[in-house]
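So the structure is just underneath, and the comments pick up after that.
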Amino acid sequence: MEQENQNLQEEEVETETSAEANETVTDQRSREELLAEVARLSAEAEDNKTRYLRSQADFDNFRRRSRQEKDEFAAYANVKLIEELLPVLDTFEMALKSTGESDAQTVLTGVEMVYRQLMVALEKEGLAAIEAVGQPFDPNLHDGIMQVESADHPANTVVQELRKGYKVKDKVVRPSMVQVSQ
């Protein structure tokens, strides 16, 4: 019996040792799997961080380029208009050089020519005069500064234009200064 007890104790020790060994192997495998998972997640996190930093740098570059393009556009936006006005400037210079040799009619003709050139250049850019006289008064287009009695015009009609108004495409640049009938 003692022998059996001893055998039983040895078997229990072996079983415990075997269970501990299995547990250690299982723990070791779990630990290796966990370490592999941590390594994989660390690599993924590093990859995400790198992509984020690249995206941030790309966005910063886009913002800088956009700002530069906007500044450049603003700096050179009027170049086309200036190119259209250069012949007008040339005509003014020629008129100034020739005023000593010519009579009043020649000067008047030169000024009219310059005016036409200037209007053509501005019309190419979308400038248009606002029609006022005989039109119903519109506070969006006209700046009424006086009201006058008029038997020839219905009430709230523009009778006289004191200063011409202009618009560029659909935007009023300057309203016409007008007299309106009562």
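Using label points projected 7 Å from each Cα along Cα→Cβ, tell me how many nm separate Lys169 and Val120, to one decimal.
Label at Lys169, label at Val120, 2.5 nm between them.
Please compute the modelled spin-label separation between Met94 and Phe59, points set 7 Å along Cα→Cβ, answer in nm with one decimal.
5.8
Give the Debye-formula value of log10 I(q)/I(0) at each listed q (0.14, 0.22 Å⁻¹), with one equal scatterer per alpha carbon of the stretch 76-169, two decimals each.
Reported log10 I(q)/I(0), two decimals: -0.73, -1.01.
Return the distance in nm (one decimal) between the two label points of a simple spin-label model at Glu33 and Glu69, each offset 7 Å from Cα along Cα→Cβ.
In this crude label model, Glu33 to Glu69 measures out at 5.3 nm.
Which of the lysines could be linked to Lys80 by a straight reach, that is with a Cα gap under 24 Å, when you skip same-chain ones fewer than 8 residues away?
Result set, ordered by chain and number: Lys70, Lys124, Lys167, Lys169, Lys171.
List the GluC sites (Glu not before Pro) within the stretch 103-138 that fall in a DSSP loop (any state other than H, G, I, E or B) and whose Cβ has at most 15 other Cβ atoms within 10 Å.
Working: sites: Glu112, Glu123, Glu125, Glu131; in loops: Glu125, Glu131.
Answer in residue order: Glu125, Glu131.
DSSP beta bridges in the stretch 45-182, what fraction antiparallel, as a percent rounded to 5?
Numbers: 11 of 17 bridges.
Just about 65 percent of them are antiparallel.
Counting other Cβ atoms within 10 Å, keep those with at most 14, restrict to DSSP loop, and tell me which trypsin sites (Lys or Arg not before Pro) in the stretch 100-182 are left.
Values: sites: Arg116, Lys124, Arg163, Lys164, Lys167, Lys169, Lys171; in loops: Lys164, Lys169.
Passing both the DSSP loop test and the Cβ count: Lys164, Lys169.
Each value in this text was obtained by applying a stated rule to the coordinates, not by laboratory testing. Just so it is clear, the model here is predicted, and its values are computed rather than measured. A quick note on method: Cβ atoms are made from the backbone with ideal geometry, for glycine too, and the neighbour counts reach across all protein chains shown.
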